[in-house]
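Just passing along the structure, written as structure tokens.
The values are calculated or read from the model by the stated rules, or taken from the named source; none is laboratory data. None of these values were measured; they are calculated from a predicted model. When we count neighbours, we look across all protein chains shown, and the Cβ atoms used for this are built from the backbone with ideal geometry, even at glycine. Side chains are part of the model used for accessible areas, which takes the heavy atoms of the whole protein and leaves out ligands, DNA and RNA. Shrake-Rupley method; radii C 1.70, N 1.55, O 1.52, S 1.80 Å.
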Amino acid sequence: MSYQHFGITGIERVKFAVEKFDDARRFAADWGLHAADITDGAAIFRSADGSEIEIVAADPSRADRWPVGAPSGICEIMWGVGEAANLQALAAELGRDRKAEIGADGVLRSVDDLGIGLAFRVKQRQAVAYDVSRYNAPGYPARIDQRAARYECARPHEISHIAIAVNDAGKSSKFYTERLGFKVSDRYAERGVFMRCREKGNHHDIFLMNGRDPGIRFNHLAFKVRDIHEVIAGGQYLDAKGWTTFAGPGRHIISSANFWYFVSPFGGSWEYAADEDMVTEAWQPQDFAAISHIFSEWTFGLEKSDGTLRGPISLSAARP
Ligand SMILES: [Fe+2]
């Protein structure tokens, strides 16, 4: 197993090709992203730190506008790196068995083992300062003489992670761990593998999971918001706009995040996430294979992970 340090920093941009371009743009705007640009029929939406979504109308005659596995889905995942030398090192590594070229735009383009476009650029994401929520726990007051923040809707700070349904998560994860140096943060046997792109940081930047149906498909994309109240405000705003909840609100067991997922026009769902685990080299990965229900610690509107609360997707308990 080779491990190289390529200075990968996180997801910079996800490119989607969709059947319903206008619906996708409306969803991204309602989600709270900033409509940054429209060039050559491609719309760019940006979160606060500069992580981006690119949306194009799906076109089967163009390889760069045709999603993997479904009529709407992802074409390309672009990762950030610390400096230009990292791009050269990645081009050399990937060039051993596939095309990997740095274009005039300074972006290295290649493909992963799943057939999904893989790109790298020197990172443009930049954390934005804001007032962090403070909480008054008994005996530990942290917000004094100050009312709590209120939210009308969400303004996502950044892209957190992408989830892709595959046929064999254990096998597919090897490209990311062995070629790109990703770390496994947690796993669900060989059926779900949570990976991070660098030792210190987000619990996971990419999650590969065995899909219910064969094939490779976009599953969901998560955005970090400031706290649980912004998850709820964002979700209520989306709901009021007529979009459909996929799952939530709730709290994950793996990664500890508060979540709310919505069915999106992007071929999968989008997730608001707050308070995800942040990890270092001291993090101990766990295999959750022995636990049958790991999706949520608590949630509304669907069954609890232990199966005690029945809801709209209670049939999922019957799935392996
Ligand atoms: Fe997620």
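Of Phe300, Ile53, Val81, which is farthest towards the positive pole of the chain's charge dipole, taken about the Cα centre with +1 and -1 on the beta-carbons of Lys, Arg and Asp, Glu respectively?
Phe300
Mind pulling the angle between the C-alpha long axis of helix 21-31 and the longest principal axis of the chain? Nearest 10 degrees, somewhere in 0 to 90.
50
How about the range 40-93: which trypsin sites (Lys or Arg not before Pro) there are in a DSSP loop, with at most 14 other Cβ atoms within 10 Å of their Cβ?
Details: sites: Arg46, Arg62, Arg65; in loops: Arg62.
Passing both the DSSP loop test and the Cβ count: Arg62.
Please list, in order along the range 252-261, the HN-Hα scalar couplings obtained from phi with the Karplus expression 6.51 cos²θ - 1.76 cosθ + 1.60 (θ = phi - 60°), rounded to whole Hz, x for Gly and Pro.
With the stated coefficients, the range 252-261 comes to 6, 7, 7, 5, 6, 6, 7, 9, 8, 9 Hz.
Along the charge dipole of the range 144-286, Cβ charges K/R +1 and D/E -1, which of Leu238, Val166, Gln146 sits furthest on the positive end?
Ranked along the dipole, the leading option is Val166.
Now for a different question. Could you give P(r) for the range 117-252, binned at 10 Å from zero, as whole percent values over all Cα-Cα pairs?
The calculated distribution, bin by bin, is 10, 31, 31, 22, 6, 0.
I would also like to ask the following. Where does the range 91-177 land on Rg/Rh, using Cα atoms and the Kirkwood Rh? Please report the intermediate quantities before stating the final value.
Numbers: Rg = 21.3 Å, Rh = 17.9 Å.
Using only Cα positions, Rg/Rh for the range 91-177 is 1.19.
Under a 1.4 angstrom probe, counting protein chains only, how are Ser133, Ser185 ranked by accessible area, largest first?
Numbers: Ser133 35, Ser185 0 Å².
My answer, sorted largest first, is Ser133, Ser185.
Something else about it: For helix 228-240, what angle does its Cα long axis make with the longest principal axis of the chain, in degrees from 0 to 90 and rounded to 10?
The angle comes out near 80 degrees.
In addition: Could you state the angle between the C-alpha long axis of helix 84-94 and the longest principal axis of the C-alpha atoms of the chain, as a value from 0 to 90 degrees rounded to the nearest 10?
Value to nearest ten degrees: 70.
Shape call for the range 35-98 from the C-alpha gyration tensor, a ≥ b ≥ c root eigenvalues: rounded (a/c under 1.5), prolate (a/b greater than b/c) or oblate?
Oblate, since a/c reaches 1.5 and b/c is not below a/b.
Please name which of Gly267, Ile253, His203 has its Cα lying farthest along the dipole of the chain towards the positive end, using unit charges on Cβ (Lys, Arg +1; Asp, Glu -1) and the Cα centre as origin.
Of Gly267, Ile253, His203, it is Ile253.
By per-residue mean of other Cβ atoms within 10 Å, what is the highest-first order of 120-130, 224-234?
Details: 120-130: 15.2, 224-234: 22.2.
Most protected by this proxy first, the peptides run 224-234, 120-130.
Next question. State the percentage of accessible surface on the chain attributable to carbon and sulfur atoms; use a 1.4 Å probe and exclude ligands, DNA and RNA.
Summing carbon and sulfur atoms, their accessible area is 51 percent of the total for the chain.
Sticking with this one: Placing unit charges on C-beta atoms (Lys and Arg positive, Asp and Glu negative, everything else neutral), compute the dipole magnitude of the chain about its Cα centre in debye, rounded to 20. Don't skip to the answer; put the middle values down first.
Numbers: 38 positive and 43 negative charges, 37 e Å.
For this selection, approximately 180 debye.
Could I ask something else about it? Given the -39500 (n - 2.57) contribution per DSSP H run of 4+ residues, what per-residue ellipticity at 222 nm results for the chain, rounded to the nearest 500 deg cm²/dmol? Let's see the in-between values first.
Values: 4 runs with 41 residues, N = 320.
Mean residue ellipticity at 222 nm (helix-derived): -4000 deg cm²/dmol.
Still on this model: Please report the base-10 log of the normalised intensity I(q)/I(0) for the chain, using a Debye sum with one equal scatterer per alpha carbon and no solvent, at each q in 0.07, 0.09 (1/Å).
Those come out to -0.27, -0.45, one per q.
If you place +1 on the Cβ of every Lys and Arg and -1 on the Cβ of every Asp and Glu, how big does the dipole about the Cα centre of the range 34-109 come out, in debye to the nearest 20? Kindly include the intermediate steps, with their values, before the conclusion.
On the way: 7 positive and 13 negative charges, 52 e Å.
Approximately 260 debye in magnitude.
I would also like to ask the following. Send over a whole-number figure in Å² for the accessible area per residue of the chain, probe 1.4 Å. Display every interim value, and only then the final one.
On the way: 15490 Å² over 320 residues.
Spelled out: the 1.4 Å probe surface of the chain, per residue, equals 48 Å².
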